[in-house]
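The block underneath contains the structure these notes are about, expressed in structure tokens.
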Amino acid sequence: MDWSPDREALRGRVAVVAGATRGAGRGIAAALGEAGATVICTGRTSSTKRIPSDYQRAETIEETAELVTRLGGTGFAVPVDHLDPAQVRALAERVRRDHGHIDVLVNDLWGGELLKGGPPQWNTPLWELDLDDGLRMLRLAIDSHLITSHHLLPLLIVKPGGLLVEVTDGTADHNASRYRISVFYDLAKTAVNRLAFSQGHELSPHAATAVALTPGWLRSEMMLDNYGVSEENWHDALAPDRAGGRPTAPPDFALSESPRYVGRAVAALASDTDRARWNGTSVSSGHLARMYGFTDLDGSRPDIWRFNEEIDGGGSAANPDDFR
């Protein structure tokens, strides 16, 4: 598909991507950068300041900021633990001093992948789960978003037209009728959709918009590591191994998407002068790709949520190629 980003679409706009270290957050920061935005990239894993993280991984916010700049934007890295109100307040004061306002705020704060466990641990009853781990998951998924919005939304409403994006897993419609992994995970991902709705109600009088956004099957750094591939050769996870055995990944991994795809969804929303039509809604990267026409890095438009809906509806013979 013939599409390329508009390198000037967000020139002069200021964005804060909270949770920009890796995964969707890095992809969103990068896509805002390729549209020319100034992007403040926050997170806990930094090359300049040690903040304890729930993941012991090598990616840093400085790398994300450098990527933003390399793609044509202006990237800044600010180490922040978004569960610490004092640190988020200091971030807000810095942004106000340096930029005066925010045009886009992205709450991509998470950190619960290890706490939710893998498939063998899913569907475990609440009373058999570790309570401390479950409550930590809720803190990471919900409290961090509330703390961040509390301190940064005043900067978003300085000028009309601000955009708040709450990143979650699954649309409100999808999650409403499906149990998601565990009580704690289910509550976390459902609550973030509701946060977009409620904050949209409060932002509307200020001519600002809030949207809940879910990627599809995200090829995050952690997901790629899980399948033993990189972004450059991710298709190899769908091929039989050298001994002729089963592929590493299931067939619908063919509908996975790079983190840049959901990033381009955010950039498209931010570029839309009529974005208020989305206020309080819950959407997916695949749906917005159909609406706005952007593509993933490989030129495709994967939509695993639409594929899953068809499978759930009895279309078990659905061809993944028809959803990319």
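Read-outs throughout are calculated quantities, based only on the coordinates presented, and are distinct from any laboratory measurement. These numbers were taken from a predicted model, which means no experiment stands behind them. Cβ: placed from backbone, ideal geometry, glycine included. Neighbour counts: every protein chain shown.
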>> Give me the one-decimal nm value for the distance between modelled label points at L187 and R70, 7 Å along each residue's Cα-to-Cβ direction.
In response: 4.1
> In segment 142-247, which trypsin sites (Lys or Arg not before Pro) are in a loop and have at most 14 other Cβ atoms within 10 Å, using DSSP for the loop call?
Replying inline: R178, R242
>> Run the reach check for K49 against aspartates and glutamates, Cα to Cα strictly under 18 Å, same-chain hits fewer than 8 apart removed. What comes back?
In response: E59, E62, E63, E66, D81, D84
> What is the distance in Å between the Cα centres of segment 137-211 and segment 251-297?
Replying inline: 17
> Calculated from the structure, Kirkwood radius over Cα pairs in Å equals which of (i) 20.7; (ii) 19.9; (iii) 22.2?
Replying inline: (ii)
> For segment 38-50, in order, what is each residue's ³J(HN,Hα) by Karplus, 6.51 cos²θ - 1.76 cosθ + 1.60 with θ = phi - 60°, in whole Hz (x at glycine and Pro)?
Replying inline: 8, 10, 8, 9, 10, x, 9, 8, 9, 8, 10, 8, 8
> Could you list log10 I(q)/I(0) for segment 159-304 at q = 0.09, 0.11, 0.17 Å⁻¹, which the Debye formula gives when each Cα is one point scatterer?
Replying inline: -0.33, -0.48, -0.98
> Residue by residue through segment 111-118, which ³J(HN,Hα) values in whole Hz follow from phi under the Karplus form 6.51 cos²θ - 1.76 cosθ + 1.60 (θ = phi - 60°), with glycine and proline marked x?
Replying inline: x, x, 4, 6, 5, 6, x, x
> Between R139 and N123, what length comes free when the chain is fully extended (0.36 nm per residue of separation minus the Cα-Cα distance, one decimal in nm)?
Replying inline: 3.7 nm
> How far apart, in nm, are the 7 Å Cα→Cβ label points at S198 and D84?
Replying inline: 2.6
> How big is the charge dipole of segment 33-115 about its Cα centre, in debye rounded to the nearest 20, if each Lys and Arg gets +1 on its Cβ and each Asp and Glu gets -1 on its Cβ?
Replying inline: 300
> Taking the Cα centre of each part, how many Å lie between segment 115-131 and segment 25-84?
Replying inline: 31
>> Only bridges whose two residues both fall in segment 1-95 count here: according to DSSP, what percent of them are antiparallel, nearest 5?
In response: 10
> Name the chymotrypsin sites (Phe, Trp or Tyr not before Pro) in segment 165-223 that are in a loop by DSSP and that have at most 16 other C-beta atoms within 10 Å, would you?
Replying inline: Y179
> Short version: ³J(HN,Hα) in whole Hz for each residue of segment 221-237, in order, from phi by Karplus 6.51 cos²θ - 1.76 cosθ + 1.60 (θ = phi - 60°), x for Gly and Pro, what are they?
Replying inline: 4, 5, 5, 4, 4, 4, 9, x, 10, 10, 4, 6, 10, 4, 4, 4, 5
> Dipole size in debye (nearest 20) for the chain around its Cα centre, Lys and Arg Cβ +1, Asp and Glu Cβ -1?
Replying inline: 860
> Taking amide H positions as placed 1.01 Å from N in the peptide plane, with prolines and chain starts having none, which residues 5 or more places from G162, or on another chain, fall under 5 Å of its amide H?
Replying inline: T209
